[in-house]
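Enquirer: Structure in structure tokens, see below.
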Amino acid sequence: MKVLVTGFNGQLGYDVVKELTSRSIECIGVDLQDFDITDRKQTVDFVKNYNPDVIVHCAAYTAVDKAEDDADTCRKVNVDGSENLALAAKEIGAKMLYVSTDYVYGGAGDTPFEVTDPTDPKSVYGKTKLEGEEAVKKHLDNYFIVRTSWVFGINGNNFVKTMLRLGAERDELSVVCDQIGSPTYTPDLARLICDIVMTEKYGTYHGTNENYCSWAEFAEAIMTLGNRKAKIKPIPSSEYPAKAQRPLNSRLSKDCLDRAGIDRLPTWQDALERYIKELGL
Ligand SMILES: NC(=O)c1ccc[n+]([C@@H]2O[C@H](COP(=O)([O-])OP(=O)(O)OC[C@H]3O[C@@H](n4cnc5c(N)ncnc54)[C@H](OP(=O)(O)O)[C@@H]3O)[C@@H](O)[C@H]2O)c1
């Protein structure tokens, strides 16, 4: 098996390549320096030349607030880029896994979303990620979609790194307490992605670490495990205005994994402990 992974310079793509390599699976990690996914010719040429059996598509426009003012670029990357990769996969008969997001849901209520629940994205980023899903579905039968949330990994910036930095600089940090979801550690998600692409169990999945928390609860755990002294002050989202609307409910049900016989991921608490060690703290 040969796998092409996009978004190699980002958090998830980096760890997917690491996981494939540890399984002795031939793979290549690509990013903008190799080709721009928004350029159809470049994309199709590169993919045809490498001729993978599987494309794991982690590249995306992920600047959620910036996207509100830059919808065209965001749509080009998340929709056109994903469609270009799907067309390339179709030409060579490859499977494709598209990484998607909790932002495709509307975020109402307090029960976990099932993969079959209606989508209702509230932000440009969420809308374009959903349109990216649709582009993949339009062209391919052999696709996997994995919706994840609150990603943290060694290669790139994320909430944990920001909290560790601010927690060392300040006595108190205000963090929102009314958005609930699951932090997700990229080595764990990479393991899940590699397990899924080995199968022919095509369709849509949720892939996150187990258990739910608020950002404030997550920040508390980061302070404790990272040995930071800052006190966490829980605040409602209304006191932390942002350009893009975030879902209050980002709970994603993992019943879809149980039904497919795919192992769930460890808890986010367990993942955070391993991440703090990976950071050398
Ligand atoms: N981060 C989260 O909390 C989160 C939550 C839910 C879902 N997701 C999804 O999970 C996936 C991985 O996220 P991540 O955090 O690993 O993202 P990331 O760290 O932002 O990495 C994305 C990578 O894609 C590259 N890229 C952007 N435009 C490109 C283009 N036109 N051609 C080729 N490559 C391009 C970026 O390069 P540049 O940096 O040079 O632009 C970057 O290296 C994405 O699909 C994202 O939507 C993420």
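All of the numbers you see were taken from the coordinates with simple rules; none came from a lab. None of the values given here were measured: they were computed from a predicted structure. All Cβ positions, glycine included, derive from the backbone under ideal geometry; neighbour counts span all protein chains shown.
Enquirer: Compute the separation of the alpha-carbon centres of the range 207-281 and the range 130-204 and state it in Å as a whole number.
Expert: Cα centroid of the range 207-281 versus Cα centroid of the range 130-204: 10 Å apart.
Enquirer: Return the calculated 222 nm mean residue ellipticity for the chain, to the nearest 500 deg cm²/dmol, obtained by summing -39500 (n - 2.57) across DSSP H runs with n ≥ 4 and dividing by the residue count.
Expert: -11500 deg cm²/dmol
Enquirer: Here is a follow-up. Taking the Cβ-Cβ separation of Leu166 and Asp69 as r and a Förster radius of 35 Å, what is the calculated FRET efficiency to the nearest 0.05?
Expert: Computed FRET efficiency for Leu166 and Asp69 comes out at 0.90.
Enquirer: Starting from the alpha-carbon convex hull of the chain, give the projected area averaged over all orientations, in nm².
Expert: Answer in nm², one decimal: 13.9.
Enquirer: List the residues, sorted by chain then number, that are 5 or more residues from Thr148 or on another chain and whose placed amide H is less than 5 Å from its amide H.
Expert: Ser100, Thr101, Asp102, Gly207
Enquirer: Determine, from the Cβ-Cβ distance of Glu91 and Tyr240 and an R0 of 45 Å, the FRET efficiency 1/(1 + (r/R0)^6), rounded to the nearest 0.05.
Expert: It comes to 0.50.
Enquirer: A further question follows. May I ask for log10 I(q)/I(0) of the range 93-154 at q = 0.14, 0.21, 0.22 Å⁻¹, from a Debye sum over the Cα atoms as equal point scatterers with solvent left out?
Expert: Rounded to two decimals, the profile gives -0.43, -0.89, -0.95.
Enquirer: Moving to a separate point now. If I take the Cα coordinates of the range 120-175 and project them onto the principal axes, what are the three extents in Å, biggest first?
Expert: 52, 26, 12
Enquirer: Which percent, nearest 5, of DSSP beta bridges in the chain are antiparallel?
Expert: 5
Enquirer: Quick one: what are the phi-derived ³J(HN,Hα) couplings along the range 143-160, Karplus 6.51/-1.76/1.60 with θ = phi - 60°, whole Hz, x for glycine and proline?
Expert: 3J(HN,Hα) across the range 143-160, in whole Hz: 10, 10, 10, 10, 8, 10, 8, 6, 7, 9, x, 6, 9, x, 8, 7, 4, 4.
Enquirer: OK, next. Using the Karplus equation 6.51 cos²θ - 1.76 cosθ + 1.60 (θ = phi - 60°), what ³J(HN,Hα) coupling, rounded to whole Hz, does each residue of the range 114-130 give in order, writing x for Gly and Pro?
Expert: Going residue by residue, I get 8, 4, 8, 5, x, 8, 6, x, 10, 10, 4, 4, x, 5, 6, 5, 5 Hz, with x marking Gly and Pro.
Enquirer: Looking at the range 1-93, what % of the alpha carbon pairs are farther apart than 19 Å?
Expert: Within the range 1-93, distances greater than 19 Å cover 38 percent of Cα pairs.
Enquirer: For Lys138, project a label point 7 Å along Cα to C-beta. Then give me every residue of the range 38-53 with its amide nitrogen under 19 Å of that point.
Expert: 38-44
Enquirer: Separate question: Give the Rg (one decimal place) followed by the Dmax (whole number) of the range 111-208, computed from C-alpha coordinates and expressed in Å.
Expert: Expressed in Å, the Cα Rg and Dmax of the range 111-208 come to 16.5, 53.
Enquirer: Mind checking the full-extension length gain between Arg23 and Glu278? Use 0.36 nm per residue of separation minus the Cα-Cα distance, one decimal, nm.
Expert: Taking Arg23 through Glu278 to full extension adds about 89.8 nm, to one decimal.
Enquirer: May I pose another question? GNM, the chain, Cα, under 10 Å: largest mean-square fluctuation among Glu131, Glu239, Glu83?
Expert: With Cα springs under 10 Å in the chain, the top fluctuation among Glu131, Glu239, Glu83 is at Glu239.
Enquirer: For Arg259 and Asn211, what is the calculated FRET efficiency with R₀ set at 22 Å and r taken between the beta-carbons, to the nearest 0.05?
Expert: Between Arg259 and Asn211 the formula returns 0.65.
Enquirer: Can you compute the label reach from Arg40? Point 7 Å from Cα along the Cβ direction, backbone N cut-off under 16 Å, restricted to the range 61-92.
Expert: The answer is 76-92.
Enquirer: For the range 2-156, compute Rg over Rh where Rg is the Cα radius of gyration and Rh is the Kirkwood radius from the inverse mean 1/r over Cα pairs.
Expert: Rg divided by Rh gives 0.96.
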